[in-house]
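Each remark here refers to the structure printed beneath this line.
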Amino acid sequence: MEHTMAEYKWLDMAVSGIRSRADREAVRAELLAHLEDKTADLQRVFPQIPLSEAQERALAGMGDPEEVRRELARVHRPWLGWLWRASQVLAAVTLVLAFVLYGGDGLRDWTRGLEQDSEWNRIEDCYQSGIDPWQGDGADRDDGVIRTPLAALQPEDSVRVGDYRFRIKRAGLFCFQDAEQEPGEWWLFAQLRAAGPPWAPASENVIQRLRAVDSTGREYASSYEVYSLRLEHEGYVMVDQGRGNWLEKRFDLTVIGIAPGAEWIKLEYDWMGTQWSLTIPLVVEEGGTNG
């Protein structure tokens, strides 16, 4: 595949912050291969578009080269591991000081951070707990959509990638159905927690690249593909802005359009040579419905 000058310039900028020549060349080759894969994927999805347009869209999907350069430069520094270990010790000391100086209430306030739950966060909390937020407490939403809670899930899967640890704290499974939908579709609301170095918290842009696949083989596009590349897909993963403190960030995920009856769904991350996944069993509670 012939490459454009724009692609070469993007690659040169993206790897320019890596000091080691060997690492720089290896990462450049990996980015180039990923760019070629994205171009080929676009041509498969949109066979009518010319190669030049597919290359332009694939390159746009790689992100800002300056941002990628900063991220790669930060990753390829050997002293980061030592700093991360030091930060763990510092965090432990801070916890002890918070408890000594302010007592249990101060410690709880510190771990919660300074944020206050908004109405949107309350709704997400309900969904992730398997509770319809529009029923009870005088709340109602007359939009013609029937929301049937199927299960409140507590997945146990977690994964560690370098200095980061990802886990699903909780999840709620619902059946959404309106007058024109038979038999309806499943939606999964989940809270993804990402713990990492305080100086380099997990980026929302990273989480937006999460895709998914379920036990029936149905694939779900990432937020990045749906909202940035404008790819149409029957099911997809929607990611909201992260919140939390400097030790751990929380991301609200919604997997939309799940095939009723799926036994599990797997969140998958595969970008710039990093791969990991988390599996969430979809166990419908007694009294629920399969749609």
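Each value in this text was obtained by applying a stated rule to the coordinates, not by laboratory testing. In this text, all values refer to a predicted model and were calculated from it rather than measured experimentally. As a convention, Cβ positions derive from the backbone with ideal geometry for all residues, glycine included, and neighbour counts pool all protein chains shown.
Could you point to the residue in V255, Q177, L267 farthest towards the positive end of the range 113-281's charge dipole, with +1 and -1 charges on the Cβ of Lys/Arg and Asp/Glu respectively?
Highest projection toward the positive end goes to L267.
At a threshold of 8 angstrom on Cα-Cα distance, excluding pairs fewer than six apart, so keeping six or more, what relative contact order does the range 5-75 reach in percent?
Numbers: 49 pairs, mean separation 34.0, N = 71.
Dividing the mean separation by the residue count of the range 5-75 yields 48 percent.
Could you work out how much longer the chain between D37 and N121 gets when fully extended? Use 0.36 nm per residue separation minus the Cα distance between them, nm to one decimal.
On the way: separation 84, 0.36 × 84 = 30.24 nm, distance 3.70 nm.
Residue separation times 0.36 nm, minus the Cα-Cα distance, leaves 26.5 nm.
Using Cα positions and a limit of under 19 Å, work out the lysines in reach of K169, with same-chain residues fewer than 8 apart set aside.
K249, K266
When Rg is the radius of gyration of the Cα atoms in the range 113-281 and Rh is its Kirkwood radius, what does Rg/Rh come to? All intermediate terms of the calculation are to be shown ahead of the outcome.
Values: Rg = 16.0 Å, Rh = 16.7 Å.
Rounded to two decimals, Rg/Rh equals 0.96.
Go from 0 up to the bin containing the longest alpha carbon distance in the range 199-267, width 5 Å each, and give me the % of pairs per bin.
Taking every Cα pair in the range 199-267, the percentages come to 4, 18, 25, 21, 15, 11, 5, 2, 0.
Quick one: what does P(r) look like for the range 5-75 with 10 Å bins over all Cα pairs, in whole %?
21, 49, 23, 7, 0
Neighbouring Cβ atoms within 10 Å as the yardstick, rank K169, K249 fewest first.
Values: K169 14, K249 20.
Listing K169, K249 from fewest to most nearby Cβ atoms yields K169, K249.
What is the order of V15, V159, fewest Cβ neighbours within 10 Å to most? Could the numbers behind the result be given before it?
Numbers: V15 23, V159 15.
With the sparsest Cβ surroundings first, the list reads V159, V15.
How do E219, E156 rank when sorted from fewest to most other Cβ atoms within 10 Å of their own Cβ? All intermediate terms of the calculation are to be shown ahead of the outcome.
Values: E219 13, E156 9.
Ordered from fewest to most neighbouring Cβ atoms within 10 Å, E219, E156 come out as E156, E219.
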